[in-house]
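The values are calculated or read from the model by the stated rules, or taken from the named source; none is laboratory data. What you are looking at is a predicted structure, and each value in this text was computed from that prediction instead of being measured. Note: ideal-geometry Cβ built from the backbone for every residue, glycine included; neighbour counts use all protein chains shown. SASA here: full protein model, heavy atoms, side chains in, ligands and nucleic acids out. Shrake-Rupley method; radii C 1.70, N 1.55, O 1.52, S 1.80 Å.
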Amino acid sequence: MGIPVGAKLKFTKDNNIEVEVSENNKIKYNGEIMSLTAITQQLLPYKATRPTFYWIYEGDKLSDIWENTL
């Protein structure tokens, strides 16, 4: 998707929650490296299979960025 390592992503359900993009398609949250799916499932009361709907990068949902890069 072209999002650089070190970029910040905001959670759509709570803008106070932010993760940092790490290497190898992982993110860092509270010092822990994990997948975007894992943190999304921790934060939601239900299992999310498509975490891109719940994160924003520079004002755009990751799902929209993904669609535009296909």
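Considering only the range 59-70, state which residues are part of a helix (DSSP H, G or I), under 16 Å from Val21 (Cα atoms) and not β-branched (Val, Ile, Thr). Result: Leu62, Ser63, Trp66.
Residue-wise test of (1) within 22 Å of Asp60 (Cβ to Cβ); (2) touching a Phe, Trp or Tyr at 6+ places or on another chain (Cβ under 6 Å).
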position	(1), (2)
Val19	yes, yes
Asn24	no, no
Ile27	yes, no
Gly31	no, no
Leu44	yes, no
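Considering the range 1-13, the residues that are closer than 15 Å to Ile39 by Cβ and either without any contact (Cβ under 8 Å) to a residue 40 or more places away in the chain or among the basic types (Lys, Arg) (or both) include one that is least open to solvent (accessible area, probe 1.4 Å), namely Lys10. Output the residues belonging to the range 14-34 that are surrounded by fewer than 14 Cβ atoms within 10 Å (Cβ to Cβ) and under 12 Å from Pro51 (Cβ atoms). Hit for the range 14-34 is Asn25, nothing else.
For the range 1-26, a tally of residues being modelled with pLDDT of 95 or more, out of contact with any Ser or Thr (no Cβ under 7 Å at 6 or more places or on another chain) and under 25 Å from Leu70 (Cα atoms) returns 12.
Tallying residues that are within 13 Å of Tyr54 (Cβ to Cβ) and not in a strand (DSSP E or B) within the range 1-13 yields 2. Is there a residue being part of a loop (DSSP other than H, G, I, E, B) and among the aliphatic types (A, V, I, L, M) anywhere in the range 41-58? Yes: one or more hits.
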